[in-house]
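Working notes for the structure below.
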Amino acid sequence: MEFLSRKVKSHGQIDARQVNGALDTSGKIKKRSETAMSPAPPAQRDKTSATHGAVKQSYATSVGKCTYEMERDRIGIWGCGDSTSANKISGLDRLRHPGLNKGMAFTIEERQTLGIHGLLPARVKSQEEQVQMCKLSIERYEDPLNKYIYLMGLLDRNEHLFYRFVGENVADMMPIVYTPTVGLACQKYGLVYRRPRGLFITIHDKGHIYDILKNWPETDVRAIVVTDGERILGLGDLGACGMGIPVGKLSLYTALAGIKPHQCLPITLDVGTNNQTMLDDPLYIGLRQRRVRGPQYDEFIDEFMDAVVRRYGQNCLIQFEDFGNANAFRLLEKYRGKYCTFNDDIQGTAAVAVAGLLASLRITGKKLCENTIVFQGAGEASLGIASLCVMAMIAEGCSDEKARSRIWMVDSKGLIVKNRPEGGLNEHKERFAKDHAPVRTLEEVVDVAKPSVLIGAAAIGGAFTPSILRKMGAINDRPVIFALSNPTSKAECTAIDAYSNTDERAIFASGSPFPEYRTKSGRILRPGQGNNSYIFPGLALGIICAGIIDISEDFMLLAAEALAEIVCQEDLDQGSLYPPLKDIQDCSVKIAKKIVEHAYQTNKASVFPQPENTEEFIRAQMYDVRYAAAVPPVYTWPRDDVLRVDMI
Ligand SMILES: O=C([O-])CC(=O)C(=O)O
Ligand SMILES: [Mg+2]
């Protein structure tokens, strides 16, 4: 009895803001009914057939909810009891559930109420103290792969803590959960894999994809990153081990753009691999067979797309990641406009590179269309960037033909020219083919074209030789050099190469991070990271908040312009064309804001009514890394003296 009264009394100490409603952006308490958070509409989920009509949603359906109520519903979803009997969930299950676990941050009241008192040491830690612990723990590891394994372990144990820790240490943690370490993790995925963190759907599951999606315990999925593992970063075909990429990308959805973790689903489509080393490796985790191609592959992907719509609704975003060149372009063309989809390697990389180019104009004082751009590579990234450059040049007032004339592309056979003796130009390359005699090497193309901008995205590490870089320095006052291939080993040159071969005049960016560079005069240059991570989280946030299905190219240019606008003079003075990584979460919100506003202007939004204050609306939807109360809200009764009945 005494124990009970202690429990009830202690409930009163729970922060009412956490249990009774969400904080709005001003820190003011809103009742839940005033917030945009509420359950996903059942009618929109689990459709019996894939329909493709416009789906109109209300605010209430666009984003899901948070705080105690959401935590409670998730308990049901994870099979620990239905949501109505959720309060009966064992405390032990809470400790094991990464979305509910707070570790030693469970209060004494929560421990007693939930029946986990005694399972934890006496000490109650604040989340801030736990973040400090994470820092100490990760610093103990020297090998980046061990740091990766530590962080994934943290994610498996305690989601809120993981996202708070990564979110507060973006510059230090991004190279671990993302490029370049994630590349190493994929190569060693057989060693790294611990527990389900996404779905593996194999070609043998054809005909049953919907059923597999139903095995995923979350029903409110808003974003999927999918790969078939054929071109993982610049590392090539890693088959099912490519899973590290969707996992890494979606962890940035949450860490950088506040998209709720349970709304994100990583998927690997395992159609085999042509990587013999993987096939021979006893640790390989995927199907031990060569890649399936042709109609069987196409039917498989078609079925996947329809199953996603049927399970999660038409507004569920499907980001294609690290598919092989041929499939990437084909599938983008096939599905765009019909499904809520974009290809990050073609379009996301294009947007981040064009953002960097737009920012570089503030240093060179030129218009984009006054530049001559040479691409090393003519794959997804290069062709995507080239196309978006044309769009940006046309926006400056130049003709399509003139814009294309500014672009020179080099592939494995040399300069892409019309009537190439070897033939074999696809329509994407054909668009940029020059009326020129064959030119074999990149260096010769630099001699002929005299570019102001050199962009590498063909995963040939070291392709920008000192001699090429020196030529760029000789032709230009401020040569623009982008070494975009990932991971670091595939970069076309290092930051040091770029600066030291151009008398430190290069305007340099790279896909993977490079350390700061000290000039001879002692100035510190901070090479910017032209990685699509500046784009895809904010883009996705905007798409989800406005319910955009048709992600047309204007959204990509808009995202690029939005990012370029954020770059300030101080960034440029430090040699960076991008804002510092520590500001990347703000960039995501700013990009999302532009995307949402543009969606309403162009009738592409399906969430109504349009929010009055876009930024406030977006921020109100974002994941809160702080812990929610784990026990139900309490209400107060009148004082004892009011209730007392006079018996005399
Ligand atoms: O993952 C990254 O760092 C960028 C990217 O999309 C790729 O290289 O394929
Ligand atoms: Mg990629």
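The values are calculated or read from the model by the stated rules, or taken from the named source; none is laboratory data. Owing to the predicted nature of the structure, the values given are computational and were not obtained by experimental measurement. We place every Cβ from the backbone using ideal geometry, glycine too, and count neighbours over all the protein chains shown. What goes into the accessible areas is simple: the full protein's heavy atoms, side chains included, and nothing from ligands, DNA or RNA. Shrake-Rupley method; radii C 1.70, N 1.55, O 1.52, S 1.80 Å.
Observations on the model:
- Sequence-separation-based contact order of the range 101-257, relative, with Cα cut under 8 Å and 6+ spacing, percent: 20 percent
- Cα gyration tensor shape for the range 344-386, rounded if a/c is under 1.5, else prolate or oblate: oblate
- Angle between the chain longest axis and helix 144-157 axis [Cα atoms, degrees, rounded to 10]: 30 degrees
- Rolling a 1.4 Å probe over the protein heavy atoms of the chain, with every protein chain left in place, gives an accessible area that is 53 percent carbon and sulfur.
- Mean residue ellipticity (222 nm) of the chain, computed from DSSP H runs ≥ 4 via -39,500 (n - 2.57), nearest 500: -12500 deg cm²/dmol
- Annotation: amide H-H contacts under 5 Å for L199 (H modelled 1.01 Å from N, sequence separation of 5 or more, or interchain): I267, T268.
- Phi-derived couplings, Karplus 6.51 cos²θ - 1.76 cosθ + 1.60 at θ = phi - 60°, listed residue by residue for the range 178-183: 9, 4, x, 4, 4, x Hz, with x used for Gly and Pro.
- Between the beta carbons of Q601 and R626, assuming R0 = 41 Å, the FRET efficiency works out to 0.75 to the nearest 0.05.
- Computed Kirkwood radius, in angstrom, where 1/r is averaged over Cα pairs of the chain: 26.1 Å
- Between the amide H of V417 and those of K434, distances stay under 5 Å, these residues lying 5 or more places away or on another chain, with hydrogens modeled in the peptide plane.
- Net charge of neighbours whose Cβ lies under 15 Å from the Cβ of R406, counting Lys and Arg as +1 and Asp and Glu as -1: +2
- Folded to 0 to 90 degrees: helix 325-335 orientation relative to the chain principal axis, Cα: 60 degrees
- The range 404-475 and the range 336-402 have Cα centres lying 16 Å from one another.
- Placing dummy labels 7 Å off each Cα toward the beta-carbon, the span from Q132 to D503 is 5.2 nm.
- Positive-end residue of L358, I346, G272, charge dipole of the range 257-405 with Cβ unit charges: L358
- Rounded FRET efficiency, nearest 0.05, which uses the C-beta distance separating D280 from T465 and R0 of 30 Å: 0.30
- Bridge type composition, the range 372-524 - antiparallel percent by DSSP, nearest 5: 15 percent
- Expressed to the nearest 5 percent, the antiparallel share of DSSP beta bridges inside the chain is 10 percent.
- Given charges at beta-carbon only (K, R positive; D, E negative), |dipole| of the chain in Debye: 700 debye
- Radius 15 Å from Cβ of M472, net charge of other residues (Lys, Arg +1; Asp, Glu -1): -3
- Signed unit charges on C-beta, dipole axis of the chain, positive-most listed residue G473, P196, A240: P196
- The range 142-277: C-alpha gyration tensor shape, a/c 1.5 cut-off, then a/b vs b/c: oblate
- The calculated FRET efficiency for R290 paired with E401, based on their beta-carbon distance and R0 = 45 Å, is about 0.55.
- Long-range HN-HN contacts of L525 with modeled amide H, under 5 Å: Y517, R518, T519
- In a simple Cβ point-charge model (Lys, Arg +1; Asp, Glu -1; nothing else charged), the range 421-507 has a dipole of about 100 debye relative to its Cα centre.
- Farthest toward positive dipole pole in the range 546-648 [+1 Lys/Arg, -1 Asp/Glu at C-beta], among V642, S552, V631: V642
- When both the range 88-128 and the range 536-583 are represented by their alpha-carbon centers, they are found 39 Å apart.
- Couplings for the range 216-223, taken from phi via the Karplus curve 6.51 cos²θ - 1.76 cosθ + 1.60 with θ = phi - 60°, read 6, x, 9, 9, 9, 7, 10, 8 Hz in order; Gly and Pro are left as x.
- Cα gyration tensor, the range 296-455 - rounded (a/c under 1.5), prolate or oblate: oblate
- In the range 464-549, Cα pairs under 8 Å separated by at least six residues give a relative contact order of 24 percent.
- Against the chain, whose longest principal axis is taken from its Cα atoms, helix 244-257 shows a tilt of about 70°.
- Backbone HN-Hα couplings from phi across the range 548-564 [Karplus 6.51/-1.76/1.60, Hz, Gly and Pro as x]: 7, 10, 8, 8, 6, 4, 4, 5, 5, 5, 4, 4, 4, 5, 4, 5, 4
- Distance between modelled label sites at E218 and E333, nm, 7 Å Cα→Cβ extension: 3.4 nm
- Pairs of Cα atoms nearer than 8 Å and 6+ residues apart set the relative contact order; for the chain it is 16 percent.
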